[in-house]
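Structure, as structure tokens:
The values are calculated or read from the model by the stated rules, or taken from the named source; none is laboratory data. This one's a predicted model, so the numbers in the text were calculated from it and none came from an experiment. Here the Cβ positions follow ideal geometry from the backbone for every residue, glycine too, while neighbour counts run over all protein chains shown.
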Amino acid sequence: MIGQLLDLFDFLSVLFRGGALIFQSMTLGGAVFYAWVLNDPVLHRQGKDTWESCRRVLFWSAVVLGCIHLSNLAMRAGILAATEQLGLGEIAGANFFLAGALGVFISTAIAALTVRAARTPGLDVLALSMAGLAVLVATSHAAGRLEHRLTLCALTTLHQAATAAWIGGMPYFVVALARSPDASFARQICHKFSWLAVTSVGVLAASGTAMSIAYVGAVKAAYGTSYGIMIASKVALLGILLLLGTLNFKAIHRPPGGAGWLRSRVRRFAEAEVGIGFTVILAAASLTSQPPSVDLAASAWVSAPTIIGRLRPMAPRLETPPYSALSPATPFTPDASNRDQEPLGPDSAAKTESSDDIAWSEYNHHWAGLVVLTVGLLAMLSRSGIARWARHWPLGFLGLAVFLFLRADPENWPLGPRSFWESFAVVEVLQHRLFVLMIVGFSVFEWSVQTSRTTSRRDRLVFPLICSFGGALLLTHAHSLGNSKEEFLAELSHLPLAILAVVAGWSRWLEVRLSNDHQRIPAYIWPICFTLIGLVLLNYREA
């Protein structure tokens, strides 16, 4: 079914683009880390284990990057062959094919240069990493512009290079701290990397501001288009990232002390920076699936009164219409009398939602919000120590998972006519099922942790990792409603949920990873985030 295949392609394209940006940043970031931070004979003699650990990270980053390029290349070629009946010779001449093949070659070359433990990554690896960055820039919005192409390509290169030096270099910073032989070595690593990060942030902010002006163009477009609010979400996540970076910068540059605070507080905050930083990169990848605001007619922008009207608090809908009142499911297979018609899926733009369809969706979101709000309040109550029974709060998510599985997609099994396996052909349904699996996973693991049924530190990390991954995945979630303004308003409710989920996940991570002296604030941030998620869901509207 070509329609569903193309929907899946759009979803996977964002994930592949995000993966390529993340591991390209790690590859270039590792080369910069070696050239700037570890390029010291004294550090080399003192920290041979540190050098070797960072080399392994760089090697595997290049390997994964090459696999992503290859997978993306195969997917795009397969889609063209299936939809346009093009041969390999015709596909091989396309720009995406040439860029992807070059990306695979460069990644393989970097992996070959870093596979041996005896070899230190040098300027050759740095040059190849910059070439890999150029491949991604060649497939960005900047390269597709007719006006100011060279300027925008230069700004994009600076922006992504600064991202790589800061966010892509952060995993190497974490590894270097973990493998530091003594406090003096760790302190030198911290001081060198902190100034690299500060410089990168300045370049990142300047280039990002210039590109935002070029691609958004107007204040109204900044809040009235999907591209504009995605940039706003990216800026919000960057703000959180800068807060963590500022706290680490102050800790690093305070008067010298023992190595404990470097390996505990600074390293743990850096781990959270890595996670949030990768989420920012995924948000940047999501921007490539949106047309820049300047390319949209002003009539396609959503006005401020419309946004305010949609976000205006209203009583939640706690009663549902009967299933029989919903619109009939749209067929996957076209009618025999019209075989040239594009096959339709349950979320096809050709389907018009009735008031009962909207009421069904709002009811689902509002009850989900009520559950999450209750869970957040119980988690805060458990943290206060007032009610010991409140520690069972994770079980509330099991009920939420069952509720979503049964009601989130009424056209599909178990309620609708579409079979269980057939329903996975629709990207929106696939994403919903992934969210249900993640909810079940962190509910079970976190309940075991909260009730002391498990004492493993790894089990305690399952909840923050799944929560933050779910928030990052939500950044790529989209509804095909056949109306650009309605799609924008739906995304407007999703983005705060994504940001809150990411903050909740990494604040819980910090609570688990930090020492007892620094756990108190993170321990209350994530329950507050859950409470706010519940309130946002309770005010969800589709009309």
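Return the residues of segment 501-528 that are surrounded by 22 or more Cβ atoms within 10 Å (Cβ to Cβ) and hydrophobic (A, V, I, L, M, F, W, C); say none if nothing qualifies. Ala501, Val502, Val503, Ala504, Trp506, Trp509, Leu510, Trp526, listed by residue number. Considered as a group, the residues in segment 283-317 that are charged (D, E, K, R) and not in a helix (DSSP H, G or I) include one that is nearest to the chain's Cα centre (by Cα), and that residue is Arg312. Put simply, of Gly217, Gly245 the only residue that is touching a residue at least 24 places away in the same chain (Cβ under 8 Å) and surrounded by 20 or more Cβ atoms within 10 Å (Cβ to Cβ) is Gly245.
Only residues that are small (Gly, Ala, Ser) and modelled with pLDDT under 85 were counted across segment 307-324, and they come to 1.
Looking only at segment 390-411, count how many residues are touching a residue at least 12 places away in the same chain (Cβ under 8 Å) and under 27 Å from the mean Cα position of the chain (by Cα). Spell out the reasoning first.
Pass one, segment 390-411, residues touching a residue at least 12 places away in the same chain (Cβ under 8 Å): 390-401, 403-405, 407-411.
Those still in the list that are under 27 Å from the mean Cα position of the chain (by Cα) too: 393-401, 403-405, 407-409.
Qualifying residue count, segment 390-411: 15.
Can you say whether Ser212 is at pLDDT 85 or above, at negative phi, surrounded by 20 or more Cβ atoms within 10 Å (Cβ to Cβ) and hydroxyl-bearing (Ser, Thr, Tyr), as far as the supplied structure shows? Explain how you work it out, then say what you get.
Numbers: at pLDDT 85 or above: yes; at negative phi: yes; surrounded by 20 or more Cβ atoms within 10 Å (Cβ to Cβ): no; hydroxyl-bearing (Ser, Thr, Tyr): yes.
No: the conditions fail for Ser212.
For segment 40-59, the set of residues classified as in contact (Cβ under 8 Å) with a residue 40 or more places away in the chain and among the hydrophobic types (A, V, I, L, M, F, W, C) consists of Leu43, Trp51, Cys54, Val57, Leu58, Phe59, listed by residue number.
With respect to the stated conditions, Arg45 fails to be in a helix (DSSP H, G or I), at pLDDT 90 or above and surrounded by fewer than 18 Cβ atoms within 10 Å (Cβ to Cβ).
For the residues Gly376, Gly369, the requirement of being closer than 27 Å to Val14 by Cβ, at pLDDT 85 or above, in the same structural domain as Ala504 (by TED's automatic domain parsing) and crowded, with 17+ Cβ neighbours inside 10 Å singles out Gly369. Applying the set (1) touching a helix residue (DSSP H, G or I) at 6+ places or on another chain (Cβ under 9 Å); (2) free of Cβ contacts under 8 Å to residues at least 40 places away in the same chain to Thr209 leaves exactly one unmet item: (1). Could you tell me which of the residues Gly93, Gly168, Gly132 is of a type outside the set (Ser, Thr, Tyr) and out of contact with any Ser or Thr (no Cβ under 7 Å at 6 or more places or on another chain)? On inspection, the qualifying residue turns out to be Gly93. Comparison of Phe96, Phe105, Phe59 shows that the only residue that is in a helix (DSSP H, G or I), crowded, with 19+ Cβ neighbours inside 10 Å and out of contact with any Phe, Trp or Tyr (no Cβ under 9 Å at 6 or more places or on another chain) is Phe59. Scanning segment 62-93 for residues that are loosely packed, with under 13 Cβ neighbours inside 10 Å and of a type outside the set (Gly, Ala, Ser) gives Thr83, Glu84, Gln85, Leu88.
Only one of Ala300, Ala359, Ala259 is over 30 Å from Gln24 (Cβ atoms), surrounded by 15 or more Cβ atoms within 10 Å (Cβ to Cβ) and at pLDDT below 80. Can you tell me which? Show your work before the answer.
Working: Ala300 fails: at pLDDT below 80; Ala359 fails: at pLDDT below 80.
After applying the criteria, what remains is Ala259.
Scanning segment 520-542 for any residue that is without any contact (Cβ under 8 Å) to a residue 24 or more places away in the chain, in contact with an Asp or Glu (Cβ under 8 Å, 6 or more places away or on another chain) and not assigned by TED's automatic domain parsing to the domain that holds Arg265 turns up at least one such residue. Please verify whether segment 61-70 includes one or more residues that are of a type in the set (S, T, N, Q) and either farther than 18 Å from Gly18 by Cβ or in contact with a Lys or Arg (Cβ under 8 Å, 6 or more places away or on another chain) (or both). So far as segment 61-70 goes, no, none of its residues is of a type in the set (S, T, N, Q) and either farther than 18 Å from Gly18 by Cβ or in contact with a Lys or Arg (Cβ under 8 Å, 6 or more places away or on another chain) (or both).
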